[in-house]
Amino acid sequence: MSFQPCYAITHRLLANVKRIGEIVTELNSRSFPQTVLVEFEKDARAVSTYASTSIEGNPLPLTEVKKILKSKPQYVRESEQEVLNYNQALENLNLLLNEVQVELDLRLLLSIQAQVVKGLLPRYETGRLREEPVFVNDPGSGSVIYLPPDSVDVRPLLNQLLAFVQDNKGIIDPLILAGVFHKQFVVIHPFMDGNGRTARLATKVLLAQMGLNTFNLFSFENYYNRNVANYFRKVGASGNYYDIAGTIDFTEWLEYFSEGVVDELLRVQKQLATYTISPERELKPYHQQILTYISEKGYITDREYAKLTERAKATRSKDFQKLVELGLIVRMGRGRATYYKLK
């Protein structure tokens, strides 16, 4: 048995796919300073974290989310833990996408869910498919509106969905593939908790295959968070899964999903066009020397930097610190064994 989604390529959906392709091509043809991209990555990650947790009912405003991500407090409330978990999941996936060709499989889905619910669920529900029945309530009325498939069917249904994605890479437009995955994952509802957050993070992996590293530039969750009721209505299902499984139409969701990507890309495109580098983010030639040296050798020590420049030791320390604060390098080791690598 295989998963075969029902959807139509409407004029609206086609126009969105075409528009996204144009914006992606335009953005990829431009060159932006590394400091600008790092700044955008940090901002997009904060907005994504805020929006995706807010969709699930987290009460923390964006300003508070940014404070938490900056300070990373040791003792936190549940709402703060959700924020830290989601942000860490984003960082993990970003690093993974930069280092290897990522395959969206069951192991990756389990690891994503384990991260977003870390410290929030019992261990037997963390990084594991559900083994109990669940139901979905209407956010407004609180009444049950959807009964997902039985737990015994979750693994086979997920495997069918992942096989569909894998088999259709290069055949179906990656945007449509990502959209179909997102909705069907929510319909299957494979975990006791963290389904929405896991779906949105996994969708980012598929969107990254469009030729645009979405983590560095935009947050499509931001679009959903503007009207959460509308998002739930379009991405979810109503009734009993076994009664509606063969009748679910993905068309309306795909139109909405693609419009969200267009909307967010246009916002980023506009923001990049007016972006100026402040003195705090501007890199001097000696900063570039550090980055070039690390790119060639893999790391740099203060002793090695001293051979490249005549700057005093205290000033060299400030140079390293600035690059650390900009998120371009990381400090490793301690004392005389200290060295720096690209982040």
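Observations on the structure shown:
- Subset of the stretch 143-152 [surrounded by 15 or more Cβ atoms within 10 Å (Cβ to Cβ) and over 19 Å from F250 (Cβ atoms)]: L147, S151
- Within the stretch 92-106, the set of residues being closer than 21 Å to D43 by Cβ and either at pLDDT 95 or above or surrounded by 14 or more Cβ atoms within 10 Å (Cβ to Cβ) (or both) comprises N92, L93, N94, L96, L97.
- When we screen V134, V83 for residues that are assigned to a loop (DSSP other than H, G, I, E, B), on the phi < 0 side of the Ramachandran plot and β-branched (V, I, T), the only hit is V134.
- Top-ranked residue in the stretch 287-327 [being farther than 12 Å from L342 by Cα and touching a residue at least 24 places away in the same chain (Cβ under 8 Å); ranked as nearest to the chain's Cα centre (by Cα)]: K322
- Long-range neighbours under 8 Å by Cβ, at least six apart or interchain, first residue within 26 Å of Y75 (Cα to Cα) within the stretch 93-122, second of a type in the set (D, E) and crowded, with 20+ Cβ neighbours inside 10 Å: V116/E82; L120/E82
- V76 part of a loop (DSSP other than H, G, I, E, B), out of contact with any Ser or Thr (no Cβ under 9 Å at 6 or more places or on another chain) and among the β-branched types (V, I, T): yes
- Some residue of the stretch 37-47 being in the same structural domain as Q209 (by TED's automatic domain parsing), crowded, with 16+ Cβ neighbours inside 10 Å and without any contact (Cβ under 8 Å) to a residue 40 or more places away in the chain: yes
- Filtered residues of the stretch 241-269 (kept if free of Cβ contacts under 8 Å to residues at least 40 places away in the same chain and within 26 Å of the chain's Cα centre (by Cα)): E252, Y256
- The listed residue being at pLDDT below 90 and among the charged types (D, E, K, R), out of E259, E304, E264: E264
- Filtered by the rule that a residue be within 23 Å of L95 (Cα to Cα), among the β-branched types (V, I, T) and not in a helix (DSSP H, G or I), the stretch 284-343 gives I300, I329, V330, T338.
- Leading residue by the ranking (nearest to F135 (Cα to Cα)) among those in the stretch 153-189 that are of a type in the set (A, V, I, L, M, F, W, C) and exposed (fewer than 15 other Cβ atoms within 10 Å of the Cβ): A163
- Within the stretch 229-254, the set of residues being in a helix (DSSP H, G or I) and surrounded by 13 or more Cβ atoms within 10 Å (Cβ to Cβ) comprises Y231, F232, R233, K234, V235, Y241, I244, A245, T251, E252, W253, L254.
- Per-region count, the stretch 137-170, residues assigned to a helix (DSSP H, G or I) and not aromatic (F, W, Y): 16
- Consider the stretch 290-343 and keep the residues that are small (G, A, S) and out of contact with any strand residue (DSSP E or B) (no Cβ under 8 Å at 6 or more places or on another chain). The one that is surrounded by the fewest Cβ atoms within 10 Å (Cβ to Cβ) is G335.
- Pairs with Cβ under 8 Å, 6+ apart, first in the stretch 177-203 and touching a residue at least 12 places away in the same chain (Cβ under 8 Å) and in the same structural domain as L109 (by TED's automatic domain parsing), second among the hydroxyl-bearing types (S, T, Y) and part of a loop (DSSP other than H, G, I, E, B): V180/Y7
The values are calculated or read from the model by the stated rules, or taken from the named source; none is laboratory data. Since this is a predicted model, take the numbers as computed values, not measurements. Every residue, glycine as well, gets a Cβ built from its backbone with ideal geometry; the counts of neighbours run over all protein chains shown.
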